[in-house]
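A short write-up of the structure that comes next.
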Amino acid sequence: MKSYVTTRTIRSKAAAWLERIDRYNQHKMRLNATASALLVVDMQMFFLDPTSPTYTCGGPAALPTIKRLMEAFRAAGRPVIFTRHVHHPNGSDLGIMDWWWEGKCLEGSEASEIHPELRPLVGEKVITKHRYSAFYNTDLETVLRCLKIEDLVVSGIMTNLCCESTARDAYFQDYRVFIPADGTGTITEEMHLASLLNLAFGFAFVTTVDGLIAQVKGGGLSNKLP
C-alpha cells in the first residue's frame, strides 16, 4: 500500500489538513505545559512493520515528529506515557476483536514491542491495553490524576481508532486534549482527515508538533490562543 504521507511531505500535508478543518477547529487552546503529559499510542512494530497484516502506512511518517515531541517533553521534565495494544496468546481477552481484525498483536512477541526509536526510558509508564481506548480497563486515568495532569497530548496510531477513541474518553473526563495533525497516522488520508475533523469539532484542539514543542519549551500558560 502506497502511503498518503512521507517524512518529506508531512509538514506540508499537516498545513493542508489544518486548513481543511479550520472552520471547525475553533477551540484554539494554549498548552499548560506545567500540567501536561504526552501520550504515545501504540507505536509498535505490529503496526509499523510493512510486512504486518495491520501495517499502518501513515505511522512511519509521523514517527520522527513524535520523537521530537517526546524529546521536548522529556527535556521539560513532563511525563511521557506509552501504550501497547496486546492480547494474551490464548485469546482470552480478544472478544469481538478475534474476528474483526486480521492478525493479533500477542503479548510478549517482538511485534508487540514499541519501535526502538521511541523506546520508553526506565521509569516511564507503559499502559497495556486490549481495546482502542487507552482509558478502557487500564490505570491511565489513575496515573494522570496522580500526576495532576490537565492537558493531554495524544499522538501515535491509528488516528481514527485508538487515538480518536482515547481523545474522546479523555474529553469525557474533562481533560483538555491536543492532537498533533503531524504526530498521528493511519492507513488512508481520508480516514486521517475525517478523524481530525471529528476531533476538532467535538473533542480536541488539532495543531502541529512544532506548535506544541514551542509551548512546552516556553512553559505555556493555560489559556486560549488569540
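Nothing in this text is a laboratory measurement; each read-out follows from the coordinates by a stated rule. The model shown is predicted, which means the values in this text are computed figures rather than measured ones. Reconstructed Cβ throughout: ideal geometry from the backbone, glycine too, with neighbour counts over all protein chains shown.
Available extension along the chain between residue 214 and residue 138 is 24.3 nm, counting 0.36 nm per residue and deducting the alpha carbon span. In percent, what relative contact order does the chain have, based on Cα pairs under 8 Å that are 6 or more apart in sequence? Worked out over the chain, it gives 33 percent. For the range 73-146, relative contact order (Cα pairs under 8 Å, six or more residues apart, normalised by length) works out to 37 percent.
Taking each residue as 0.36 nm, the span from residue 12 to residue 52 lengthens on full extension beyond its C-alpha to C-alpha distance by 11.6 nm. Each residue, residue 22 and residue 126, gets one label point 7 Å from its Cα in the Cβ direction; the gap between the two is 4.2 nm.
Relative contact order, whole percent, for the range 162-209 stands at 49, derived from Cα pairs under 8 Å and 6 or more residues apart. Using the rule -39500 (n - 2.57) for each DSSP H run of four or more residues, divided by the residues of the chain, the 222 nm mean residue ellipticity is -10000 deg cm²/dmol. Cross-link reach is defined here as a Cα-Cα straight distance under 23 Å, omitting same-chain residues fewer than 8 places apart; for residue 13 the lysines meeting it are 2, 28, 67.
Of 138, 186, 128, the residue with the greatest mean-square motion in the GNM of the chain, using alpha carbon springs below 10 Å, is 138. Each Lys and Arg adds +1 at its Cβ and each Asp and Glu adds -1 at its Cβ; summed about the Cα centre, the range 1-118 shows a dipole of about 880 debye. Among beta bridges from DSSP that stay inside the chain, the antiparallel ones total about 10%.
Most tightly packed first, judged by the mean number of other beta-carbon atoms within 10 Å of their residues, the peptides 108-120, 194-206 read 194-206, 108-120. Among the trypsin sites (Lys or Arg not before Pro) in the range 8-62, those placed in a DSSP loop whose Cβ has at most 10 other Cβ atoms within 10 Å are 8, 23. Once the dipole of the range 10-218 is set up with Lys and Arg at +1 and Asp and Glu at -1 on Cβ about the Cα centre, which of 218, 55, 167 lies farthest towards its positive end? The listed residue farthest towards the positive side: 218.
Overall, the range 10-218 carries a charge dipole of about 720 debye about its Cα centre when +1 sits on the Cβ of Lys and Arg and -1 on the Cβ of Asp and Glu, all other atoms neutral.
In this simple spin-label model, placing a label point 7 Å from the Cα along the Cα-to-Cβ direction at both residue 146 and residue 100 gives a separation of 2.9 nm.
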